[in-house]
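No value in this document is a laboratory result; all are computed from the given coordinates. Since this is a predicted model, take the numbers as computed values, not measurements. Using ideal geometry, Cβ is built from the backbone for each residue, glycine included, and neighbour counts are taken over all protein chains shown.
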Amino acid sequence: MHKRVGRYMTTIENPPQELKWLVSNLRAYWPRHLGAVATAILTSILSLADPLIFGWVIDRFIRSPSSTVPLVGAGLVMAAYETRLWLSAASAQWAADTYQRLVMDLRLRLLEHFDRLSLDYHEAVTLGAKSFILIDSVDDIALVGAEVIHLLTRSVITGIAISLTMIIVSPRLSLVLLSALPLYLFTTKYFKRQIRETTEAANSSLDRMSQYVHEHLATIPQIQILAQEKRELKKAEQLFADVRDYQRDRVRSETRYTVVNGTITALTSAIVIGYGSHLALRGEISLGSLVVCYSYLARLFEPIGGIASAHAKIQKSISSIRRLQNFLSIAPSVAPPAFPKPVRKPENVLLECRDICFSYNKDRVAVSNLSYTLQPGARISIVGKSGAGKSTAAKLIARLYDPHSGSVRINGEDAKCIQLGQFRSLVHYMPQHAVLFTGTVEDNLRYGNPGASSAELHRVIEMARLGPVIQRMPRGLHEMLGPSGCHVSGGERQRLALARAMLCRPRILILDEATAFLDAALEAEIFQALRTHFTETTLVVISHRLPALTWADRHLVLNQGQMIAFAPHHTLYNESSFYRELYSSATEERARFETAHASGTYPVIQRQVRE
Ligand SMILES: Nc1ncnc2c1ncn2[C@@H]1O[C@H](COP(=O)(O)OP(=O)(O)OP(=O)(O)O)[C@@H](O)[C@H]1O
Ligand SMILES: [Mg+2]
């Protein structure tokens, strides 16, 4: 079992550093936090009062039987109980308040950091892993923080108070009882280690299951299209079985601990009853003292268990804190400049790429030595075979990545020195897969420019040929999009995103196969509208449909990350065999589909159902 557990264990090398982090994060809420701790201490002390009062009542009554003694005792017990109740309620309230504030502030801080991180991070890390940081890890810290403070306070105070009271009440009986302490300590240490290890393994298996479930739920349509339901179910079964087995191990180790330590407690109870009664009968201790010792007995070992489980919870919280610290220490690869410089004359943007090199990994260069200049209002296209580096080149212009060498310049200024917000308002990158937000059609269109006028809104709707689409919707511009609303086709989605991009009025608009789902006629109309109405905007279009791009002033031809030409269509067609080949294959493909369309003989793609 050890071997299996060991694989998932987190080693806590320097816990104080994480605890320091927690304390420093709690500093903002210290009045409530201190209030919670102080009331928890008082509650713990008051919880010891009942046996003492009961013992006092017995001894007092034996000495001078009077009906007022039990009445005073009952009153005192009631007062202590009621005070404890109120203090405990206040303590729980303050603790919950402190940690809910911490949770909210932490989540905001984490979300802000997620928003700051660059594309490379978001491409590399799964949605499940991200939501685990934002939801589960923060919950861990809050829960553990709120519980542990109480548990530790209660355990330490109760432990000290019970030991002292018992020594005062009966030194001989307490000596016998306290001698069982080392045995209890040893078994607790032994079993708690097992419980900690099995709990960590169970938590890891839960983490893996949760990540898988996130991904599975997000990709169900793809799984269905690829007919991989059975294989996915097998994968899920393995993960669910892991959770079942690790949870079973955890419960087993907890049960062992309860049985063994329960036996020790029963043994000491027997000693107290036997030896205590013997001492009472011989008059060496009072009956009241015997009752006090017996009542405390069940709680004598409580602090040891409490401290052990607080330790386990602290360990869990430390892993979560470490996860958060690691996440917060990730610097965005596209960093905002320390001393941003404004772009001069932003209404006319001249873009220069100087010797740009970039690679995603050490083994392969994605683009190298790209050098070109785009005058304000230029219309260019980036063409090349699949994997040539077109999207990479476009993302470098849009500062979604920063080049490893060379520079992107806007009006002579290095893009790295321009305030990121201003840069993004000047350069807009639109990918093939358009993203829509939950909200109305209008919310989606206005997302990048909420203050746009109604006239501007209707102009971009017209430019993106969205009029008929919106008219068809029962509530028009107020129709809800997204999971709980209207669903749109791939091409409509692209047009909505195009209109949104147009409404931002960028100075450089990059369309990376952003019209790939539109039919040729609609695509041509939209390009025409862009050329007519966006005369000052530089257009960079990436498409495999070369014949639809002949209107571009120049084509930047890429092959295996290298720029092999940057010239108008006619020059390239006459002088570059590579471009000619690229163009011909795109033309042939288009012709093939046009013939198929005319004759109605489309190739039939049959989904193969694999059993
Ligand atoms: N996120 C990434 N991580 C690692 N490698 C990547 C990543 N994105 C792209 N690449 C690699 O970089 C190279 C250039 O990719 P890029 O996406 O720029 O090609 P492309 O010309 O846009 O291709 P396509 O026409 O298929 O969209 C390819 O070899 C690709 O596999
Ligand atoms: Mg691409």
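So the values come out like this:
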read-out	value
Dipole magnitude of the chain about its Cα centre (Cβ charges: Lys, Arg +1; Asp, Glu -1), debye to nearest 20	1060 debye
Cross-link table 390/416; 230/385; 234/385, entries beyond 28 Å C-alpha to C-alpha	230/385; 234/385
Cα gyration tensor shape of the chain, rounded if a/c is under 1.5, else prolate or oblate by comparing a/b with b/c	prolate
Crossing angle, helix 302-328 versus the chain [Cα axis fit, 0-90 degrees, rounded to tens]	20 degrees
Anchor residue 313: lysines whose Cα lies under 27 Å away (excluding residues fewer than 8 positions away in-chain)	3, 20, 130, 189, 192
Potential extension, residue 34-residue 115 segment - 0.36 nm per residue separation minus Cα distance	25.8 nm
Distance (nanometres) between label positions extended 7 Å along Cα→Cβ at residue 363 and residue 419	4.3 nm
Protection proxy ranking of 532-538, 506-512, 293-299, 122-128 - average other beta-carbon atoms within 10 Å, highest first	506-512, 293-299, 532-538, 122-128
Global form of the range 225-335, assessed from the alpha-carbon gyration tensor, a/c cut-off 1.5	oblate
Angle between the chain longest axis and helix 181-218 axis [Cα atoms, degrees, rounded to 10]	20 degrees
Packing-based ranking, highest mean first, of 156-168, 61-73 given that Cβ atoms within 10 Å are counted	156-168, 61-73
Sequence-separation-based contact order of the chain, relative, with Cα cut under 8 Å and 6+ spacing, percent	14 percent
Degrees separating the helix 49-63 axis from the principal Cα axis of the chain, which is the longest one	10 degrees
Alpha carbon centroid spacing (whole Å) that separates the range 501-546 from the range 344-389	18 Å
Partner aspartates and glutamates for residue 341 [C-alpha distance under 12 Å; skip if fewer than 8 residues away on the same chain]	413, 414
Residues in the range 96-111 reached by a label modelled at residue 135 [backbone nitrogen below 19 Å; 7 Å Cα→Cβ]	100, 103-111
Burial ranking of peptide ranges 410-422, 20-32 (average Cβ count within 10 Å, highest at the top)	410-422, 20-32
Label zone at residue 19, where the point sits 7 Å out along the Cα-to-Cβ direction: the range 297-317 residues whose backbone N lies under 11 Å	311, 314-315
³J(HN,Hα), Karplus 6.51/-1.76/1.60, whole Hz, each residue of the range 75-81, x for Gly, Pro	x, 5, 4, 4, 5, 5, 5
All-pairs Cα distance distribution in the range 15-328, expressed in whole percent, bin size 20 Å	25, 46, 23, 6, 0
Size of electric dipole in the range 15-328: Cβ of Lys, Arg +1 and of Asp, Glu -1, about Cα centre, debye, nearest 20	660 debye
Residue-by-residue Karplus 3J(HN,Hα) for the range 446-458, coefficients 6.51, -1.76, 1.60, Hz, glycine and proline x	8, 3, x, 8, x, x, 4, 6, 5, 5, 5, 4, 5
Selected from 384, 167, 541, residue furthest toward positive end of dipole (the chain; charges at beta carbon)	167
All aspartates and glutamates inside 19 Å of residue 235 as judged from Cα atoms, apart from same-chain residues fewer than 8 positions distant	207, 215, 245, 611
Histogram of C-alpha separations across the range 376-490, 5 Å bin width, %	2, 9, 15, 17, 15, 14, 14, 9, 4, 1, 0
